[in-house]
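What follows is a single structure, written as structure tokens, with notes after it.
The values are calculated or read from the model by the stated rules, or taken from the named source; none is laboratory data. It should be emphasised that the depicted structure is a prediction, and the values quoted were computed from it without experimental measurement. Cβ sites come from the backbone with ideal geometry, for glycine too, and all protein chains shown count toward neighbours. Note: areas computed on protein heavy atoms with side chains; ligands, DNA, RNA excluded. Shrake-Rupley method; radii C 1.70, N 1.55, O 1.52, S 1.80 Å.
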Amino acid sequence: MHRRTLLTSALKLGLGAGALGIMPGLAGRAFAQAGAASVEELPPLEGELTMYLGRGEGGLYENVLKAIEQRNPKLKLGIRRGPTAALANAIVAEAGAGVRRADVFWAVDSGAIGLVRDAGLAQVLPDDLQAGLQPEFRYPGWAPVTGRIRTLPFHTGRLAADDIPKDIMALPTAGLSLGWAPAYASFQSFVTAMRLLRGPEATRDWLRATAKVAKTYAGELGVVMAVERGEVDVGFANHYYTLRLKSGKPDAQVDLAFTNNDAGCLVNASGVLALGDDELPVNFIRYLLTREVQSYLAREAYEIPLVEGVEPPEGLPGLETLSPPDVDLTRLADLRPTLDLMRDAGVL
Amino acid sequence: MNRWSASWPLAGLIALVTVAPIVVLFDLADAPTGLFEARNLGLVANTLLLTAITVAGSVLVGVPLAMLTAFVQLPWRRFWLVLLVAPLAMPSYIGAFTLYAAFGPGGEIENVLGFATPRVSGLAGASLVMVLYTYPFVLLTTRAALLGQDATLVNAARSLGTSFWICLWRVVLPRALTGIAAGALLGALYALSDFGTPAIMGLDTFTRVIYVEYNAFGLGQAALFSLQLLVIVGLVLYLESRVKVTPERPGRCLQVWPRRGRAPLWLLPALPVVLLAIVLPLAVFGTWLWREGAEGFELSYAWNSARASFLAAVVAVIAALPVAHAAMSGRAGRLFERVTYLGFGVPGIVMGTALVYLGLKLPFLYQTLALLVLAYVLRFLPLAVGTIRSTAEGLDAGVVNAARVLGAGRREVFRRVTLPLTMRGVTAGAALVFLEAMRELPATLLLAPTGFESLATYLWRVYEAGYFGRAAVPGLMLVLISGLGLALMLSGERRAEFGVFGDNRP
């Protein structure tokens, strides 16, 4: 699976859908159209379902889940929230102890998904489930829900995009103050990508050098907010935090910068997998891949939709200016060495 | 005193359950390699520094305020005392959260008042918060010691020409040292086990790193850190048990009458403390409530908190009765009681880690309300035991003897005389456990059943997600609950451990 393909296809698909207009949200009408299914076409959900939901997306995922619950009054959805990495590890530990509590795992990061899948806990998903996704995004054990790009939000009052190094390795020594959230799953996937691309030694050195000039925040919204109010010059964050902040505060002094063909502009995906082997978890996942949910997440959460027929979020720069690194998404699951590296460097 | 009491087997069993989490930690603890040694030293240093600064700061703030409230005859004395003790009842993570959000560039103070303030974070920030919320320990214990001092010594010194301030330093303070030490050690214990403050201030102490390790499911490493933290806690508990307050010969306490109109001047130094510890959190939550309303908040969070805490209170009281009874009937019983006090010293994050592991071993308990309630009971049992025991001990022995003389057996006396008379203590103990459990954060974060969101965990969630404004309603509710707890503690002061109004003068 090639990251660049993912991004290219996602953006291209979105452009193609422009003429159709944005879906009117989850209460949407049925559209007879190829590609992603509409919620109108899906079977109703009945029974009890426990979802482990990776935290970090604020109320937007909650709104999606509430809407699904409203459409399916017979569904009894239990949600366990926690940091994505913690939930992934909990699922693995539970399996080790012979306990299974989660039926569905929705993670904000594909690395955490891979951790569970590599433990052999993910159920194989039926082919027709992923029919709405581009062929490159179809995996046997899990489904990507939305895409996201690693970015460098910067304070526009103090810097221009050109002031920021195009090489992520040069960032800590560029004389800028930085902000990061090392405990956040997407950041850890970014470090994993760096480790795969540049090796553990260089990554450890980079972490140590960055730690000297970086302020730590609890989450990446916090990072972007700190950049906006000028507490730090540049931050590390997924693209949507900045776009969301700017949508609520159009004159916000923050903009996005991208590095060139390295881990700094990694493209990643949130994903979902089924742990239970019956119909319900699988059908539940179908709802997340509908046009309605995908367009809602694109429009409100500024995430990149991965199904056909849904527009990408506003505010992302043109594709020709971006060059994400070529990292196999599935390899991001190798989280343990990354955590050890981060601990070793004293940043976790 | 009888040799064998019926309550011993039960009390012994309860004591055994109390020790279980610590045993579990030993089973669980393992470290991958010696990789983390340098980091470990940093952890120990951070934790000890925070504790030391907290102790020093709380003594510097608490002792003068203790003298103020003990000696100076101000109008509305009780009101000032209650106000100055109030931070004790607030969970410190509320303070940390609001201070963090209020100060610094772009903070609420700059938003509302328009001038920039330095950011409150790191070791300095965590220390500030800890001092603000632990000085009342020192205030209370020191004040009790001061009120027990006979003023004739001071008068003698004064008549021999010593100035008033020198008197305080050389005659009054030395005699209050044990009281100060008792409060300072309580503060140290609090600083060691607090999770929310270092986590919010971004200071790597044991509690914060245990949470990070738990999240990366380095349970073995988390358990190892937990045991290391318990060693330090054990040391403080030992020191505390060595502090014996020896009562002086009773006498009239020193009284200072401020000149007419000068009373506000005496209170002025306490103003910043009250502003930061009480007014600021309320103001920040109030601002958020006004700006964002109750968005995102659901009443079920409060209901969940109340339900789990109520169960914990009921179970704790039921478990406390045999322990309290055993403690009053012989040496072995007292030992059992001492053992149940262990839970009080186990930080919430450590208790959570141990019980998660216990749950994985006993799947029928995993992610159940029962396990969460068990965590609350283990942690707060000593509160119930303490209140029940001190109420029971305060009973007039003559009543019991009369019942015995009239032919009632020990059991009947307990059931028909002692227990009804102890009911006030039972209720107070249950209420204390209830209120503590309502505010508990770290163990709840780890042990809450799926779909269970409490006031404290919701507050934590909006903090982590960065939606600070949504903390207004749960924050204010937690402050309100804390206020109730304070009222209860003060009304039950004759029985409670911290005698607020230690003065028995009319």
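Kindly indicate the residue of the stretch A:199-240 that is aromatic (Phe, Trp, Tyr) and either touching a Phe, Trp or Tyr at 6+ places or on another chain (Cβ under 6 Å) or more than 13 Å from every other protein chain (Cβ to nearest Cβ) (or both) and also farthest from A:Asp344 (Cα to Cα) among those meeting that condition. Before you say what the answer is, go through the steps one by one.
Here is the first cut: in the stretch A:199-240, the residues aromatic (Phe, Trp, Tyr) are A:206, A:217, A:236, A:240.
Going one step further and asking which of them are either touching a Phe, Trp or Tyr at 6+ places or on another chain (Cβ under 6 Å) or more than 13 Å from every other protein chain (Cβ to nearest Cβ) (or both), we end up with A:206, A:236, A:240.
On the way: A:Trp206: 12, A:Phe236: 20, A:Tyr240: 30 Å.
Result: A:Tyr240.
Could you check the stretch B:143-157 and list, in sequence order, the residues that are without any contact (Cβ under 8 Å) to a residue 12 or more places away in the chain and under 23 Å from B:Arg77 (Cβ atoms)?
Filtering the stretch B:143-157 for residues without any contact (Cβ under 8 Å) to a residue 12 or more places away in the chain gives B:155-156.
B:Asn155, the sole residue that qualifies.
Check every one of the helices (runs of 4 or more DSSP H) wholly within the stretch B:85-149 and list those with 3 or more residues that are within 17 Å of the chain's Cα centre (by Cα).
Details: elements: B:92-102, B:108-113, B:122-147.
Once the helices (runs of 4 or more DSSP H) in the stretch B:85-149 are filtered for at least 3 residues that are within 17 Å of the chain's Cα centre (by Cα), what remains is B:92-102, B:122-147.
When you scan the stretch A:176-241 for helices (runs of 4 or more DSSP H) that lie fully inside it, which ones turn up with 1 or more residues that are touching an Asp or Glu at 6+ places or on another chain (Cβ under 6 Å), within 21 Å of B:Trp460 (Cβ to Cβ) and among the polar types (S, T, N, Q)? Don't jump to the end; show me each part of the working.
On the way: elements: A:185-198, A:200-213, A:220-228.
Ranges flagged: A:185-198.
Looking only at the stretch B:29-58, count every residue that is within 14 Å of chain A (Cβ to nearest Cβ), at pLDDT below 85 and open to solvent by 20 Å² or more (accessible area, probe 1.4 Å) and tell me the total.
Counting residues in the stretch B:29-58 that are within 14 Å of chain A (Cβ to nearest Cβ), at pLDDT below 85 and open to solvent by 20 Å² or more (accessible area, probe 1.4 Å) gives 11.
For the stretch B:17-25, indicate whether the set of residues that are within 14 Å of chain A (Cβ to nearest Cβ), farther than 26 Å from B:Leu455 by Cβ, touching a Gly at 6+ places or on another chain (Cβ under 8 Å) and not polar (S, T, N, Q) is non-empty.
Let us first name the residues in the stretch B:17-25 that are within 14 Å of chain A (Cβ to nearest Cβ), namely B:24.
Add one more test, that the residue is farther than 26 Å from B:Leu455 by Cβ, and what stays is B:24.
The next check asks that each one be touching a Gly at 6+ places or on another chain (Cβ under 8 Å); those that pass are none.
No, because not a single residue in the stretch B:17-25 is within 14 Å of chain A (Cβ to nearest Cβ), farther than 26 Å from B:Leu455 by Cβ, touching a Gly at 6+ places or on another chain (Cβ under 8 Å) and not polar (S, T, N, Q).
For A:Met225, all conditions in the list (1) open to solvent by 20 Å² or more (accessible area, probe 1.4 Å); (2) within 16 Å of A:Trp180 (Cβ to Cβ); (3) in contact with a helix residue (DSSP H, G or I) (Cβ under 6 Å, 6 or more places away or on another chain) hold save one; what is the number of the exception?
(3)
From the list B:Pro75, B:Pro105, pick out the single residue that is closer than 28 Å to A:Val232 by Cα, modelled with pLDDT under 95 and open to solvent by 10 Å² or more (accessible area, probe 1.4 Å). Reasoning before the result, please.
Details: B:Pro75 fails: closer than 28 Å to A:Val232 by Cα.
Step by step, each of B:Pro75, B:Pro105 is checked, and only B:Pro105 is closer than 28 Å to A:Val232 by Cα, modelled with pLDDT under 95 and open to solvent by 10 Å² or more (accessible area, probe 1.4 Å).
Going by the conditions given, is A:Asn268 open to solvent by 10 Å² or more (accessible area, probe 1.4 Å) and either at pLDDT 85 or above or within 30 Å of A:Pro44 (Cβ to Cβ) (or both)? Step through it out loud before you land on a result.
Details: open to solvent by 10 Å² or more (accessible area, probe 1.4 Å): no; either at pLDDT 85 or above or within 30 Å of A:Pro44 (Cβ to Cβ) (or both): yes.
So A:Asn268 does not fit the description; no.
Enumerate the pairs (first residue in the stretch B:297-312 and without any contact (Cβ under 8 Å) to a residue 60 or more places away in the chain; second residue anywhere and of a type in the set (D, E, K, R) and assigned to a helix (DSSP H, G or I)) with beta-carbon separation below 8 Å, excluding pairs fewer than 6 apart on the same chain, so at least 6 apart or on different chains.
none
Of the residues B:Val212, B:Val231, which single one is within 25 Å of B:Gly122 (Cα to Cα), of a type in the set (A, V, I, L, M, F, W, C), open to solvent by 20 Å² or more (accessible area, probe 1.4 Å) and within 14 Å of chain A (Cβ to nearest Cβ)?
Numbers: B:Val231 fails: within 14 Å of chain A (Cβ to nearest Cβ).
Residue meeting the stated conditions: B:Val212.
Scan the helices (runs of 4 or more DSSP H) fully inside the stretch A:36-128 and keep the ones with 3 or more residues being modelled with pLDDT under 85, within 23 Å of B:Pro363 (Cβ to Cβ) and away from chain B (no Cβ under 14 Å). Explain how you work it out, then say what you get.
Numbers: elements: A:60-71, A:84-96, A:110-118.
Here the list is empty.
How many of the residues making up the stretch B:59-116 are aromatic (Phe, Trp, Tyr), without any contact (Cβ under 8 Å) to a residue 40 or more places away in the chain and either within 24 Å of B:Ala472 (Cα to Cα) or in contact with a Phe, Trp or Tyr (Cβ under 6 Å, 6 or more places away or on another chain) (or both)?
First, pick out the residues of the stretch B:59-116 that are aromatic (Phe, Trp, Tyr): B:71, B:76, B:79-80, B:93, B:97, B:100, B:103, B:115.
Filter once more, keeping what is without any contact (Cβ under 8 Å) to a residue 40 or more places away in the chain: B:76, B:79, B:103, B:115.
Now restrict to residues that are either within 24 Å of B:Ala472 (Cα to Cα) or in contact with a Phe, Trp or Tyr (Cβ under 6 Å, 6 or more places away or on another chain) (or both): B:103, B:115.
Residues meeting the conditions: 2.
Go through the stretch B:436-456 and count every residue that is open to solvent by less than 20 Å² (accessible area, probe 1.4 Å) and under 19 Å from the mean Cα position of the chain (by Cα).
Of the residues in that region, 9 qualify.
With the stretch B:256-362 as the region, which helices (runs of 4 or more DSSP H) entirely inside it contain at least 3 residues that are farther than 30 Å from B:Leu219 by Cβ and either open to solvent by 60 Å² or more (accessible area, probe 1.4 Å) or not charged (D, E, K, R) (or both)?
Numbers: elements: B:263-267, B:271-274, B:280-292, B:299-327, B:331-340, B:342-345, B:348-361.
Per the criteria, B:263-267, B:271-274, B:280-292, B:299-327, B:331-340.
Among the residues of the stretch B:78-102, which ones are surrounded by fewer than 21 Cβ atoms within 10 Å (Cβ to Cβ) and in contact with a Pro (Cβ under 9 Å, 6 or more places away or on another chain)?
Taking the stretch B:78-102 as the starting set, the residues that turn out to be surrounded by fewer than 21 Cβ atoms within 10 Å (Cβ to Cβ) are B:78-80, B:82-83, B:86.
Result: B:Ala86, single match.
If you take the residues of the stretch A:242-252 that are within 12 Å of another protein chain (Cβ to nearest Cβ) and outside any helix (DSSP H, G or I), which of them is surrounded by the fewest Cβ atoms within 10 Å (Cβ to Cβ)? Don't jump to the end; show me each part of the working.
As a first pass, look at the stretch A:242-252 and keep what is within 12 Å of another protein chain (Cβ to nearest Cβ): A:244-245, A:248-249, A:252.
Filter once more, keeping what is outside any helix (DSSP H, G or I): A:249, A:252.
Working: A:Lys249: 12, A:Ala252: 19.
Restricting to residues being within 12 Å of another protein chain (Cβ to nearest Cβ) and outside any helix (DSSP H, G or I), the top hit is A:Lys249.
How about the stretch A:253-265: which of its residues are open to solvent by 10 Å² or more (accessible area, probe 1.4 Å) and within 14 Å of another protein chain (Cβ to nearest Cβ)?
Selection gives A:Gln253 alone.
Okay, residues lined up against (1) modelled with pLDDT of 75 or more; (2) in a loop (DSSP other than H, G, I, E, B); (3) farther than 21 Å from B:Tyr133 by Cα:
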| position | (1), (2), (3) |
| --- | --- |
| B:Met438 | yes, no, no |
| B:Ala456 | yes, no, no |
| B:Arg461 | yes, no, yes |
| B:Ala472 | yes, no, no |
| B:Val479 | yes, no, no |
| B:Leu484 | yes, no, no |
| B:Pro506 | no, yes, yes |
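Quick check, is B:Gly398 of a type outside the set (Ser, Thr, Tyr), on the phi > 0 side of the Ramachandran plot and open to solvent by 30 Å² or more (accessible area, probe 1.4 Å)?
Values: of a type outside the set (Ser, Thr, Tyr): yes; on the phi > 0 side of the Ramachandran plot: no; open to solvent by 30 Å² or more (accessible area, probe 1.4 Å): yes.
No, not satisfied.
Could you count how many residues in the stretch A:165-184 are in contact (Cβ under 8 Å) with a residue 12 or more places away in the chain and open to solvent by 10 Å² or more (accessible area, probe 1.4 Å)? Let's see the steps before the verdict.
Initial filter on the stretch A:165-184 (in contact (Cβ under 8 Å) with a residue 12 or more places away in the chain): A:165-169, A:171-173, A:176-184.
Those left that are additionally open to solvent by 10 Å² or more (accessible area, probe 1.4 Å): A:165-167, A:169, A:172-173, A:176-177, A:183-184.
Of the residues in the stretch A:165-184, 10 are in contact (Cβ under 8 Å) with a residue 12 or more places away in the chain and open to solvent by 10 Å² or more (accessible area, probe 1.4 Å).
If the requirement is being in contact (Cβ under 8 Å) with a residue 12 or more places away in the chain and closer than 20 Å to B:Ile481 by Cβ, which of these qualifies: B:Leu321, B:Leu282?
Numbers: B:Leu321 fails: closer than 20 Å to B:Ile481 by Cβ.
From the options B:Leu321, B:Leu282, the qualifying one is B:Leu282.
Could you check B:Ser163 against (1) out of contact with any helix residue (DSSP H, G or I) (no Cβ under 6 Å at 6 or more places or on another chain); (2) open to solvent by 20 Å² or more (accessible area, probe 1.4 Å); (3) closer than 23 Å to B:Ala86 by Cα and say which number it fails?
Condition (3) is where B:Ser163 drops out.
Kindly provide the set of residues from the stretch A:242-272 that are in contact (Cβ under 8 Å) with a residue 60 or more places away in the chain and more than 18 Å from A:Glu303 (Cβ to Cβ), ordered by number.
Passing the criteria: A:Gln253, A:Val254, A:Asp255, A:Ala257, A:Thr259, A:Asn260, A:Asn261, A:Asp262, A:Ala263, A:Gly264.
How many residues, within the stretch A:208-235, are touching a His at 6+ places or on another chain (Cβ under 6 Å) and closer than 15 Å to B:Gly107 by Cα? Before the answer, list the steps.
Of the residues in the stretch A:208-235, the ones touching a His at 6+ places or on another chain (Cβ under 6 Å) are A:227, A:230, A:233.
Those left that are additionally closer than 15 Å to B:Gly107 by Cα: A:227, A:230.
Result for the stretch A:208-235: 2.
Quick check on my filter: what residues within the stretch B:38-56 are under 13 Å from B:Ile180 (Cβ atoms) and touching a helix residue (DSSP H, G or I) at 6+ places or on another chain (Cβ under 6 Å)?
So in the stretch B:38-56, the residues under 13 Å from B:Ile180 (Cβ atoms) come out as B:55-56.
The answer is B:Val55, and nothing else.
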